[in-house]
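Report on one structure; see the data block that follows.
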Amino acid sequence: MRSDHRRAVRLRAACNMANLSTPLGLLVAAATRTRVVRGPDGLIVGFGYRPRLPKAGAFTVGNVVLFRAGIADVAARPRLVAHESRHATQYAVCLGLPFLPAYLAAAGWSLLRCGHPALRNPFEVRAGLADGGYRTPRRP
Ligand SMILES: [Zn+2]
């Protein structure tokens, strides 16, 4: 790992701890009995998340990424982990918890524009739609 990348990863982890988004993610994991382990790039990764909401295969709160899938399935999808890692960076850029209302507003805006909460959502687009498993409609 390059030293500038390592520094950026440490800075993101420190920001998301200080802005309380990572502690909130750990609280969600504990409240839902989702087991977490240390992941790549300073992420904390949980597997087997069970509650019905949010309706997503994975979601990120601070540096905590919670997957519905098990560890073997997630290990086979490094692009999805990279996508969620970009969301962790977005939390740091948004100073933590303000990410949540900003993301919800962007999802609503996307829903109004194209009928899908992710395809025109700038947070999802910047995180990489294909990496996140979203199918982008073909443009004529
Ligand atoms: Zn995403």
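Please identify which residues in the range 101-140 have an amide N closer than 20 Å to a label point set 7 Å out from the Cα of Arg52, following the Cα→Cβ vector.
117
Can you put Ser21, Ser85 in order, fewest other beta carbons within 10 Å first?
Arranged by neighbour count, lowest to highest, Ser21, Ser85 become Ser85, Ser21.
Just want the ordering: Asp4, Asp73, from fewest to most Cβ atoms lying within 10 Å of their own Cβ.
Listed from fewest to most nearby Cβ atoms, that is Asp4, Asp73.
For the ranges 121-127, 107-113, what's the packing order if you count other beta-carbon atoms within 10 Å of each residue, average per peptide, and put the highest first?
121-127, 107-113
Taking 0.36 nm per intervening residue step and subtracting the Cα-Cα distance, what contour gain separates Ile71 from Leu100 on full extension?
7.8 nm
Report, to the nearest 10°, how far helix 3-18 tilts away from the longest principal axis of the Cα atoms in the chain, using its own Cα long axis and a range of 0 to 90°.
Tilt relative to the chain: about 90 degrees.
FYI, it's all coordinate maths here, none of it is from the lab. Keep in mind that this is a model prediction, so the values were computed, not measured. Note that we place each Cβ from the backbone using ideal geometry, even for glycine, and neighbour counts take in every protein chain shown.
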